[in-house]
Structure formats: C-alpha cells, structure tokens
Amino acid sequence: MSTELQPHIQLKDNFQAKYALLPGDPKRVDKVKPFLTKTKEIAYNREYRSLLGYYKNIPVLVVSTGIGGPSAGIAIEELANIGVTTLIRIGSSGALQDHIHLGDLIIATGAVRDEGTSKAYIDLSYPAVADHELVSALSHACVQQDFPYHTGLVRSHDSFYTDREEEIDHYWSRKGILGSDMETSTLFVVGALRGLRTASVLNVVVPSKGNLQSGINDLAHGQGLPAKGEENQILIALEAIASIDNKR
Ligand SMILES: O=P(O)(O)O[C@H]1O[C@H](CO)[C@@H](O)[C@H]1O
Ligand SMILES: O=c1cc[nH]c(=O)[nH]1
C-alpha cells in the first residue's frame, strides 16, 4: 500500500476505508451523502470527486470515476494503491430488454468488453466478471427492500453517437444482454487483475428502444423512476457492504 499522493484522485490515505462506491457522475456523490454519517469532502480533481463517510460505522469512500473506461481505470488503480479492496460501481444504464423499466436496477454478473481500456490490459478472451459474494449480497438487499432488479450480463462500450448505435443495441439485445454502460467491464477486468472485489449496480435511465410504449408509460412518471432507482442503488450497495463487512 502506498502513502504517496495519487496524481488523479488526489488522495494518499484511504481513511481506513476498504470499501468504495463508484458513481460515474460527480453529482451523484451528493446523492450518497444523506445515507452516510460524518461525511467529509476530501478531494475534487478533474472528474474525481471524493467523499468519506460512514455507513453503520463502516468507513466508506465515494469516488466519481467520470465517463468511460480510461478515467474509471485510473480511479480503480489509484484506489487500489491506497488500500481500497472492494469497489461497487453505482452507475446509470440504458435498458436493452423490453421487460426492464426505468428505475429498475441491473446487478451485472459480467460484462461484454466492448471498450478499449480493459483491452489495453489483457486479451479479450479474459472474462469480465463480478465478485460472486458481492452479487449475492446486492441481490439479497434488493429482495429485502423489495426493489425491482435484474441480474445478468451488461455491455460496456466507448461510443454514444456512432451511425450504428441502433443496430449495435439491437444486436446485443438479441443476445440477451440486459443493459449498457461504459465502465463496468473495465472495473471487473482491472479489479480482477489487481486482486480487488468488484461489482456494478446500474440504475436504468433510458428505456429499451424495442418497447416504446413501456418507455412512454415509464416516462409519464417524469424523472421519478430514475431518481428512485438512484436512491435504491445507493442503499443496496451500502447494505451489501454492511453484510460483507459483518462476515469478517
Ligand atoms: O451515470 P454514469 O455512472 O456516469 O454511467 C453512464 O452514464 C454515462 C453516459 O451518459 C456513462 O458514464 C455511462 O456509463
Ligand atoms: O443508454 C445509456 C444510458 C447510460 N449509459 C449508457 O451507456 N447508455
């Protein structure tokens, strides 16, 4: 473990926090605050905004990773350098299946590696998989809280605006992929290579293109469903941490 100041996240101490929640959006850090006690903003450099707080007396870091694999990869490496061992992404996602609604949670068991960052580390035949115990703790928390959730594969990608987005989404939808994001596969691959425990819970903010009516019905709730999904994902990530910590 290093006590050197990490150049991007600008932290040199994990404040005894072995656990980190990783939103992409720095603004989501604010949404985590009400769930924690004794919160303190400890750094904000580029896309990396860091908060320290306590959940059921367990120290937890919340660090935003920005958009995409490259910035997420840097955050993961630098958090590992300062001694964080368990990282849970709390991200947003577009649904690729018609039965998945806005505000539902997707707990990724694995991810299609359709991005460049994890490829820079290791061949594509290396799998991007979540930590089994964390997936189980997250699913259990959803059942306990009665939150709508799905477990399965997601696709992490690098582009939003190519001319082929619809075709690409359609392809992966037909292969049974639940939703898309941009960081989960990097987290799983870099995490596994560095001996970290990782998981990703995604809040659905864009409906499946194959089910416009369901999307329209969901959207009639305005931002209510995604906002609720965001709260739900934070709570279950923290509950999963508490349950894992309890077993030690
Ligand atoms: O809301 P976050 O966690 O950033 O996640 C999703 O939103 C961003 C794209 O709009 C990408 O980072 C994608 O993975
Ligand atoms: O549709 C979406 C929404 C968030 N993130 C994605 O990658 N895709």
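The values are calculated or read from the model by the stated rules, or taken from the named source; none is laboratory data. Values in this document were obtained by computation on a predicted structure and should not be read as measured data. Cβ coordinates were reconstructed from backbone atoms using ideal geometry, including for glycine residues, and neighbour counts include every protein chain displayed. Side chains included, ligands, DNA and RNA excluded: accessible areas come from the protein's heavy atoms. Shrake-Rupley method; radii C 1.70, N 1.55, O 1.52, S 1.80 Å.
Just a few scattered comments:
- Test for D123: is it more than 16 Å from ligand 1 (Cβ to nearest atom), surrounded by fewer than 23 Cβ atoms within 10 Å (Cβ to Cβ), in contact (Cβ under 8 Å) with a residue 60 or more places away in the chain and over 15 Å from E230 (Cβ atoms): no
Results for (1) crowded, with 21+ Cβ neighbours inside 10 Å; (2) at pLDDT 95 or above; (3) within 15 Å of ligand 2 (Cβ to nearest atom), shown as yes or no for each residue.
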position	(1), (2), (3)
H140	no, yes, no
D146	no, yes, no
S156	yes, yes, yes
R164	no, yes, yes
R174	no, yes, no
S180	yes, yes, yes
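- Matching residues, region 91-103, being more than 13 Å from ligand 2 (Cβ to nearest atom) and either part of a strand (DSSP E or B) or buried (at least 24 other Cβ atoms within 10 Å of the Cβ) (or both): none
- The set of residues in region 1-38 being open to solvent by 70 Å² or more (accessible area, probe 1.4 Å), hydroxyl-bearing (S, T, Y) and modelled with pLDDT under 95 consists of T3 alone.
- Members of region 2-56 found to be over 21 Å from D245 (Cα atoms) and hydroxyl-bearing (S, T, Y), listed by number: S2, T3, Y44, Y48, S50
- Among the criteria (1) among the small types (G, A, S); (2) under 30 Å from K12 (Cβ atoms); (3) within 16 Å of ligand 2 (Cβ to nearest atom); (4) outside any helix (DSSP H, G or I), the one G83 does not fulfil is (3).
- Taken over region 153-197, the criterion of being aromatic (F, W, Y), out of contact with any strand residue (DSSP E or B) (no Cβ under 6 Å at 6 or more places or on another chain) and assigned to a helix (DSSP H, G or I) is satisfied by Y171 alone.
- Single residue of region 52-78 satisfying the filter (within 16 Å of ligand 1 (Cβ to nearest atom) and within 12 Å of Q10 (Cα to Cα)) that is most open to solvent (accessible area, probe 1.4 Å): I74
- Any hit, region 213-220, residues being at pLDDT 95 or above and acidic (D, E): no
- When we screen V135, V189 for residues that are open to solvent by less than 80 Å² (accessible area, probe 1.4 Å), more than 17 Å from A237 (Cβ to Cβ) and at pLDDT 95 or above, the only hit is V189.
- Any chance T151 is open to solvent by 30 Å² or more (accessible area, probe 1.4 Å) and more than 12 Å from ligand 2 (Cβ to nearest atom): yes
- Matching residues, region 127-163, being in contact with a Lys or Arg (Cβ under 8 Å, 6 or more places away or on another chain) and not charged (D, E, K, R): A128, L134, S156
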